[in-house]
Amino acid sequence: MVNMRGQTVLEQQNVSSTELNNGIKFNNLATGTYVVCLRTQANEVLTKKIVIN
């Protein structure tokens, strides 16, 4: 996860399908906009913008 300044604020590897289905907690992140990049098992990269308020 990268903030709008380009700083990596969170990085996780080998996240289970169960955790993805139940949701990943972002408890310690400041309010703002972030970009999340996910790589699938098929090596596809998904990029999403999220807003935490």
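FYI, it's all coordinate maths here, none of it is from the lab. These numbers were taken from a predicted model, which means no experiment stands behind them. Note that we place each Cβ from the backbone using ideal geometry, even for glycine, and neighbour counts take in every protein chain shown.
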Exercise for review: Would you kindly compute the Cα radius of gyration of the chain and its largest Cα-Cα separation (Dmax), both in Å?
Suggested key: 11.5, 32
Revision key, fill the gap. Over the chain, the sum of -39500 (n - 2.57) across DSSP H runs of at least four, divided by residue number and rounded to 500 deg cm²/dmol, gives at 222 nm -2500 deg cm²/dmol
Exercise for review: Averaging sequence separations of C-alpha pairs under 8 Å and six or more residues apart, then dividing by the length of the chain, give the relative contact order as a whole percent.
Suggested key: 34 percent
Exercise for review: Step through the residues of region 39-51 one at a time and calculate ³J(HN,Hα) from phi using the Karplus curve (6.51 cos²θ - 1.76 cosθ + 1.60, θ = phi - 60°), rounding each to whole Hz and writing x for Gly and Pro.
Suggested key: 10, 7, 4, 7, 6, 7, 10, 10, 10, 9, 9, 10, 10
Review point. Which one of 9, 53, 27 is farthest out on the positive end of the charge dipole of the chain, using unit charges on Cβ (Lys, Arg +1; Asp, Glu -1) and the Cα centre as origin?
Key: 53
